[in-house]
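The values are calculated or read from the model by the stated rules, or taken from the named source; none is laboratory data. The structure presented is a predicted model; accordingly, all values stated were derived computationally and were not measured. Heads up, the Cβs are rebuilt from the backbone with ideal geometry, glycines too, and the neighbour counts pull from every protein chain shown. When the accessible area is computed, the model is the full protein with side chains, heavy atoms only, and any ligands, DNA or RNA have been set aside. Shrake-Rupley method; radii C 1.70, N 1.55, O 1.52, S 1.80 Å.
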Amino acid sequence: MVPPVQYGGDEVSAIVLDIGSHTTRAGYAGEDSPKTVFPTTFSTVPGSPPTYTHGNSLHLYRPNSIHSNLLSDGLVTDWPALSRTLDHAFRDRMRLPDLSEFPLLVTEASWNTKENREKMCEVAFEEWKTPAYYTVDKSVMSSFASGKGSALVIDVGEEMTSVVPIYDGFVLRKAIQKQPVGGNLLSSVLLSQLKNSTPPIPVTPHYLVKTKEAVPVGAPAKATLRDERKFNPEDPNCPTTLSYHRSQEMRVMHEFKESTCEVLSGGWDDATAASTPTRPFEFPDGYNALFGLERLTVPEILFNPQRFLPQEFTQLPLPASTSTIPSHPYSNLQPITRLFSNSLVQIDPDLHSTFFNNIVVTGGTSLTQGFVDRLQTELAGLSGGMKTKIHAASSPAERIHSSWLGGSILASLGTFHQLWIGKDEYDEVGASIVTRRGGK
């Protein structure tokens, strides 16, 4: 066997790549923030050949533009799109023609498959000519970013919620819990509630608004719309596709969630919810209103999906996945505290106190106001007297990019150099070397 090539310490700066359902992050190991962050979703305009757009400019209006995501269930499903995403990250954003001088560290979901892991290794060596490569678990990296070798990581992201226990740096795979509840589902419920309210509240995306005027609270919008762009599902020649229109509506809902939504930190109580002050929100067309109950009930889905998830959403199909670790279906979504307890049931009781004292919270949706306080309250009720401590970065950037930050810390350590898989090893053994060396 060829000995591993040694990279690390101060000799060379590795590249760290972290692809999430919402954003893709890339940058240099040892730095405290990614060099580039852009949407994982991409745009395709049909043609011969098709025109693909990756990065923030995908939101610009283009006739017949179709929006897609290269991940499903946190796993890569569109490998040509992945290649274009890496091209955008490394060549367009980081100005690197290839990675021939940079080792590459890539994060992966805890439930990633052997086939996906080996395919990514092949892409790194064959397409990007990296001299050394290694793959690490996202949840383990979030744990490392919090300074923990053992932790129970609760990740509430864009596409899903997962609970992953980690002991001495290793994932306890049999205890992983996950379900398709995240920012995307909350945005979808919000959009449905606004459109079906009495009277209905129209959600007009930015791309349709040409001009607008200020109007009083609750008054109809006074906006000039770009009629040629209006989405019409009954017109087969309509230049605006459903996927583009939907993604732009979801952008507005994302803004709505960030500025108005809140979790009741003491637990749901109808009287408390009714007396909670309203918050204003202005839509892209200028319409603005004060919102009360709806801004509280939607994030409550995370803690009580049986009561607060509308019936029509319980019939949604699960995201396509090749993982052997199943997700809870929409028809049987679990409260986040139930995911926690379901995970603990699969773990040696002697380790429970360790996990209760080392709970790491990450993911953009966990930034909802009141979320961490509510989680602390509910988990304390499950602890049976054990000390419960939640570690959640106060900085939004650290919370969202925690898995990238953990990778940045790890790849910059001098002691990590022994783990790199060198090009010589790859040439001798093939892509299966990443599974052998990764311990999965």
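Considering the range 38-57, and only residues there that are touching a residue at least 12 places away in the same chain (Cβ under 8 Å) and in a loop (DSSP other than H, G, I, E, B), the residue that is most open to solvent (accessible area, probe 1.4 Å) turns out to be 46. Once the range 376-416 is narrowed to residues that are open to solvent by less than 40 Å² (accessible area, probe 1.4 Å) and among the β-branched types (Val, Ile, Thr), the residue that is nearest to residue 344 (Cα to Cα) is 388.
Scanning the range 91-121 for residues that are more than 25 Å from residue 429 (Cβ to Cβ) and either out of contact with any Gly (no Cβ under 9 Å at 6 or more places or on another chain) or of a type outside the set (D, E, K, R) (or both) yields 91, 94, 95, 96, 97. Could you tell me whether any residue of the range 291-303 is farther than 18 Å from residue 194 by Cβ and open to solvent by less than 60 Å² (accessible area, probe 1.4 Å)? For the range 291-303, residues farther than 18 Å from residue 194 by Cβ and open to solvent by less than 60 Å² (accessible area, probe 1.4 Å): present. Before we move on, is residue 377 at pLDDT below 95, out of contact with any Leu (no Cβ under 7 Å at 6 or more places or on another chain) and among the polar types (S, T, N, Q)? In short, yes.
Rundown of residues vs (1) more than 32 Å from the chain's Cα centre (by Cα); (2) assigned to a helix (DSSP H, G or I); (3) among the charged types (D, E, K, R), yes/no style:
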| residue | (1), (2), (3) |
| --- | --- |
| 215 | yes, no, no |
| 231 | no, no, no |
| 237 | yes, no, no |
| 240 | no, no, no |
| 250 | no, yes, no |
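Take the residues in the range 424-440 that are in contact with a strand residue (DSSP E or B) (Cβ under 7 Å, 6 or more places away or on another chain) and over 20 Å from residue 19 (Cβ atoms), then tell me which one is surrounded by the most Cβ atoms within 10 Å (Cβ to Cβ). Only one residue fits best here, namely 433.
When you check residue 225 against the structure, is it surrounded by 12 or more Cβ atoms within 10 Å (Cβ to Cβ), closer than 18 Å to residue 256 by Cα and in contact with an Asp or Glu (Cβ under 8 Å, 6 or more places away or on another chain), yes or no? Considered against the rule, which asks whether it is surrounded by 12 or more Cβ atoms within 10 Å (Cβ to Cβ), closer than 18 Å to residue 256 by Cα and in contact with an Asp or Glu (Cβ under 8 Å, 6 or more places away or on another chain), residue 225 comes out as no.
Restricting attention to the range 85-100, the residues being surrounded by fewer than 16 Cβ atoms within 10 Å (Cβ to Cβ) and either part of a helix (DSSP H, G or I) or not hydroxyl-bearing (Ser, Thr, Tyr) (or both) number 6. The condition (being touching a strand residue (DSSP E or B) at 6+ places or on another chain (Cβ under 9 Å), open to solvent by 60 Å² or more (accessible area, probe 1.4 Å) and not polar (S, T, N, Q)) is satisfied by just one residue among 317, 326: 326.
The condition of being open to solvent by 80 Å² or more (accessible area, probe 1.4 Å), free of Cβ contacts under 8 Å to residues at least 12 places away in the same chain, outside the structural domain of residue 72 (by the TED database) and not hydrophobic (A, V, I, L, M, F, W, C) holds for only one of 280, 220, 216, that being 216.
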